[in-house]
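The values are calculated or read from the model by the stated rules, or taken from the named source; none is laboratory data. These figures come from a predicted structure and were not determined experimentally. Glycine gets a Cβ as well: all are built from the backbone with ideal geometry, and neighbour counts include every protein chain shown. The protein model used for the area step is the full one, side chains on, heavy atoms only, and it has no ligands, DNA or RNA in it. Shrake-Rupley method; radii C 1.70, N 1.55, O 1.52, S 1.80 Å.
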Amino acid sequence: MAEVILRGVTKAFGNHVALDNVSMTIPDGSFVVLLGPTGAGKTTTLRMVSGLDQPDSGDILIGGQPMRSLTPAQRNVAMVFQQYSLYPHLTVRQNLEFPLKSPLLNTPQIEIERKVKAIAEILQISHKLDNKATALSGGEMQRVSIGRALVRNPQVYLMDEPLSSLDAKLRSDLRIELKSIQANSGATLLYVTHDQIEAMTMATHVGVLQNGKLIQFGSPRDLYEKPVSTYAATRLGQPRINLLPADVFPGGPPLAVTIGLRPEHITQGQGEDSLVTRVEHLGDQTRLHLSFRNHELVTVTEPHSLLRHGDIVKIQPDKPLYFDADGMRIS
Amino acid sequence: MAQIRIENVRKEFGSFTAVQSSSFTVEDGEFFMLLGPSGCGKTTTLRMMAGLELPTSGEIYIDGEEVGMKRASQRDIAFVFQMFALYPHMNVRRNISYPLLSQGVPRAEVRQRVAEVANILKIEDILERPVGGLSGGDRQRVALGRAIVRRPKAFFMDEPLGALDAEFREHMAEELRALHDRMGATTVYVTHDQLEAMQMGDKIVVMNHGVVEQFGRPQEIYDWPATKFVAKFIGSPAMNFLEFDGMIGNGADSIDLSGQTVQVPVTRQGAKGRLTLGVRPEHIHFSDASEFRGRVIATEYLGTTQIVTMSTANGVLKARISSHKAVIPGDLIGLEFDARTLTIFTEERGLALLSQANEGVLRHG
């Protein structure tokens, strides 16, 4: 597999700047997830790497080779789109075999069969191998299109929200499978999603995009514990981080305008009074909605908490994050 | 408002039985969830309660009055659908007023009631706007307004948030629940999303294949599932199932799991054969002292916690532990379970074996 480098990549569509001077290094064998809301530039980045779009300026290198002017086919990348695209006249098996039967590869038939069988098992579609591609459900078609990428051995896999059309159970199974396929094969994978669970659980590195700019690039733990800004802080964490004026609690550094408290980073039983406005027993934990000096915040407590609406709970910050007037983290 | 009681209600469509003899009670003022996978009969149940379908047999009582054969229009309930249908050629005020005007309510009263509803929903500033240009959230609020303005005995909602994206859905769920807390109206809500059900519901009915699997408070159902289906459906990751062959006598307080003695709540029933030990991911602890071991397959970072997937002699297991503990795929780890939280399931219909811990919850329902 190969390292992918983006150097100062900019792309505009008319007046709209989709990507603004994005530089990043996707190390060989890493699983990089691009995270951001709709319109942040995730898919555009993927299309630049694949060669489906050309940057206005900047360079893309795959395995040290500049990609400018190379077609998608010449780049040797495998892409999985959100919208599955299968050959409708072929069976599932034929769809999966197709990339391996390329005259360029000359793969032996026995090797083709072995690979198709292994991938079909991982993706839980073995029993449908001889069905027509059109006789599958949406989720099954999507698994076949993921499989068609995985049977190949490209320089880099590019995936655009490949799990978003699947149901919750299958999504959580495939998260683990994709991650272990990637880890075991040493493949380089660039993956786009707006699902923070996918980003946290699969990525070796997460890139956070905001209005076409790459604002943070690091491990999920870095991003969770040391977000560069309030925007980055709200990308990960469910329920999301509480953002309050810094002066509601004493002890903030000078210039701090906003304090960020993850729900699990609020100590109960010490500090100052807050009012419980709602209690949600979620089974493994209880979510508390609190009103504190006219601000709403959410924290978590043990599953069998006896707290009720209208109770008073003392709270104090634990591991607070502080942000300045521009929303950038200062400590 | 209203108490709604369902007794032995059954619904057949030709040879297909959509709902098999269901019984449960929605108390006055409750936020009540009908939860289950698609095709489980939850929507059919709601439609029978609303009068949009007639039950094949059984009775439905609203405030003690049997309404099973009454038309929807005579039951005085308001229905909010997944696809909120608004009149596109009318503005917000006209949309909300419509149910009242069509009932011949005097203009002055209509004005006053619309103002009241707009205040509850915080949509006063968009009353004169056409519905065409509204955001999804505002459209949903208008649809709710049209239901609330009639002051019905109860609200029925069929996946009202199903079409919204995850972030907005969470926000609307909170808003709906807060609205309920202010108005206190009996609400029956259909969903397939277990987290939504746990988060919003005072009580939950879990259905599968037309059968009511369990009925109770969210935390009780989570802690003490009546069946394997419920155990698997509620909670994320789901409850772990460790399969074992064994024989358990009435009054036993431990089982043998691949040679390791595991403490369990004192049983109130006996069972033998293929059995299943159910353990929630957060009730698994790492312990070098334990002979029961798991080989780590994968770890998933989730911020403060991580999910560790392991293979054991009795099946695959997911544990939720602190993310500060370093775990690497391939590690062999000794496992202990929190004895007070375990459930044993029998092979037959996957029913939970009664124990000292769960009998309080399972006997009442």
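Kindly provide the set of residues from the stretch B:208-226 that are open to solvent by less than 10 Å² (accessible area, probe 1.4 Å) and more than 10 Å from chain A (Cβ to nearest Cβ), ordered by number.
Matches in the stretch B:208-226: B:GLY210, B:GLY216, B:PRO225.
What helices (runs of 4 or more DSSP H) lie completely within the stretch A:66-167 and have 1 or more residues being open to solvent by 10 Å² or more (accessible area, probe 1.4 Å) and among the acidic types (Asp, Glu)?
A:92-97, A:109-122, A:138-150
Give all pairs with beta carbons closer than 7 Å in which a residue from the stretch B:135-151 that is among the charged types (D, E, K, R) meets a residue that is buried (at least 23 other Cβ atoms within 10 Å of the Cβ); count only pairs at least 6 apart in sequence or on separate chains.
B:ARG146/B:ASN95; B:ARG146/B:ILE96
Listed here are the residues, each with its yes/no results for (1) within 12 Å of chain A (Cβ to nearest Cβ); (2) within 30 Å of A:ARG240 (Cα to Cα); (3) surrounded by 16 or more Cβ atoms within 10 Å (Cβ to Cβ).
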| position | (1), (2), (3) |
| --- | --- |
| B:GLY273 | no, no, no |
| B:GLU282 | yes, yes, yes |
| B:PHE286 | no, yes, yes |
| B:SER290 | no, no, yes |
| B:VAL296 | yes, yes, yes |
| B:THR305 | yes, yes, yes |
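Could you grab me the full set of residues in the stretch A:47-60 that are among the charged types (D, E, K, R) and surrounded by 17 or more Cβ atoms within 10 Å (Cβ to Cβ)?
A:ARG47, A:ASP53
Quick check on the stretch A:316-331: of everything there that is part of a strand (DSSP E or B) and more than 14 Å from every other protein chain (Cβ to nearest Cβ), which residue is farthest from A:ASP273 (Cα to Cα)?
Looking at residues that are part of a strand (DSSP E or B) and more than 14 Å from every other protein chain (Cβ to nearest Cβ), I get A:MET328.
Residue by residue, here is whether (1) modelled with pLDDT of 95 or more; (2) in a strand (DSSP E or B) holds:
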residue	(1), (2)
B:THR17	no, yes
B:GLN20	no, yes
B:MET33	yes, yes
B:PRO37	no, no
B:LEU54	no, no
B:ALA85	no, no
B:PRO88	no, no
B:ASN95	no, no
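One line per residue, one yes/no per condition, for (1) part of a loop (DSSP other than H, G, I, E, B); (2) open to solvent by 40 Å² or more (accessible area, probe 1.4 Å); (3) of a type in the set (A, V, I, L, M):
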| site | (1), (2), (3) |
| --- | --- |
| A:ASP20 | no, yes, no |
| A:LEU34 | no, no, yes |
| A:PRO37 | yes, yes, no |
| A:THR45 | no, no, no |
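What do you reckon, is B:ALA319 assigned to a strand (DSSP E or B) and either out of contact with any helix residue (DSSP H, G or I) (no Cβ under 9 Å at 6 or more places or on another chain) or buried (at least 18 other Cβ atoms within 10 Å of the Cβ) (or both)?
Criteria met by B:ALA319.
Yes/no matrix, rows are residues, columns are (1) within 26 Å of the chain's Cα centre (by Cα); (2) in a strand (DSSP E or B):
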| position | (1), (2) |
| --- | --- |
| B:THR261 | no, yes |
| B:ARG274 | no, yes |
| B:THR299 | no, yes |
| B:ILE307 | yes, yes |
| B:MET310 | no, yes |
| B:HIS324 | no, no |
| B:GLY334 | no, yes |
| B:ALA357 | yes, no |
| B:LEU362 | yes, no |
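Scan the stretch B:9-17 and give yes if some residue there is of a type outside the set (Val, Ile, Thr), at negative phi, within 22 Å of the chain's Cα centre (by Cα) and buried (at least 21 other Cβ atoms within 10 Å of the Cβ), otherwise no.
Yes.
Scanning the stretch B:336-355 for residues that are within 13 Å of chain A (Cβ to nearest Cβ) and in a helix (DSSP H, G or I), which turns out least open to solvent (accessible area, probe 1.4 Å)?
That would be B:THR341.
Rundown of residues vs (1) out of contact with any Phe, Trp or Tyr (no Cβ under 9 Å at 6 or more places or on another chain); (2) open to solvent by less than 30 Å² (accessible area, probe 1.4 Å), yes/no style:
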{"position": "A:PRO250", "(1), (2)": "yes, no"}
{"position": "A:GLY283", "(1), (2)": "no, yes"}
{"position": "A:ARG287", "(1), (2)": "yes, yes"}
{"position": "A:GLU296", "(1), (2)": "yes, no"}
{"position": "A:ARG308", "(1), (2)": "yes, no"}
{"position": "A:TYR322", "(1), (2)": "yes, yes"}
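Just one of B:ALA185, B:ALA173, B:ALA166 is of a type in the set (A, V, I, L, M), modelled with pLDDT under 95 and open to solvent by 40 Å² or more (accessible area, probe 1.4 Å); which is it?
One residue alone meets the criteria, B:ALA166.
Can you report the number of residues in the stretch A:181-213 which are without any contact (Cβ under 8 Å) to a residue 40 or more places away in the chain and in contact with a helix residue (DSSP H, G or I) (Cβ under 6 Å, 6 or more places away or on another chain)?
Within the stretch A:181-213, residues that are without any contact (Cβ under 8 Å) to a residue 40 or more places away in the chain and in contact with a helix residue (DSSP H, G or I) (Cβ under 6 Å, 6 or more places away or on another chain) number 2.
Inside the stretch B:1-27, can you point out the residues that are among the hydrophobic types (A, V, I, L, M, F, W, C) and farther than 18 Å from B:THR186 by Cα?
Answer for the stretch B:1-27, where residues must be among the hydrophobic types (A, V, I, L, M, F, W, C) and farther than 18 Å from B:THR186 by Cα: B:VAL9, B:PHE13, B:PHE16, B:ALA18, B:VAL19.
List the number of the failed condition for A:PRO250; all other conditions in (1) free of Cβ contacts under 8 Å to residues at least 24 places away in the same chain; (2) within 29 Å of the chain's Cα centre (by Cα) hold.
Status for A:PRO250: all satisfied but (2).
Spot the failing condition for B:ASN208; the list is (1) under 24 Å from B:LEU362 (Cβ atoms); (2) free of Cβ contacts under 8 Å to residues at least 60 places away in the same chain, and only one is missed.
(2)
Which members of the stretch B:18-40 meet the condition of being hydroxyl-bearing (Ser, Thr, Tyr) and open to solvent by 40 Å² or more (accessible area, probe 1.4 Å)?
B:SER21, B:SER23, B:SER38
Assess whether A:VAL313 counts as being touching a residue at least 40 places away in the same chain (Cβ under 8 Å), within 10 Å of another protein chain (Cβ to nearest Cβ), assigned to a strand (DSSP E or B) and surrounded by 13 or more Cβ atoms within 10 Å (Cβ to Cβ).
Taking the combined requirement at face value, the residue does not satisfy it.
Residues that are away from every other protein chain (no Cβ under 14 Å) and free of Cβ contacts under 8 Å to residues at least 60 places away in the same chain: does the stretch A:214-228 have at least one?
The answer is yes; a qualifying residue exists.
Anything in the stretch A:216-232 that is charged (D, E, K, R) and in a loop (DSSP other than H, G, I, E, B)? List them, or say none.
A:LYS226
Can you work out which of the residues in the stretch B:307-327 that are of a type in the set (Val, Ile, Thr) and under 19 Å from A:SER180 (Cα atoms) is farthest from the other protein chains (Cβ to nearest Cβ)?
That would be B:THR312.
Being among the basic types (Lys, Arg) and more than 19 Å from B:MET49 (Cα to Cα) is the filter; apply it to the stretch B:171-207 and report the residue that is farthest from the other protein chains (Cβ to nearest Cβ).
Out of the qualifying residues, it is B:ARG182.
Looking for something open to solvent by 30 Å² or more (accessible area, probe 1.4 Å) and within 14 Å of chain A (Cβ to nearest Cβ) - is there at least one such residue anywhere in the stretch B:123-137?
yes
So which of A:LEU170, A:LEU178 ends up being more than 14 Å from A:PHE81 (Cβ to Cβ), in contact (Cβ under 8 Å) with a residue 40 or more places away in the chain, assigned to a helix (DSSP H, G or I) and not polar (S, T, N, Q)?
Checking each option against the conditions leaves just A:LEU170.
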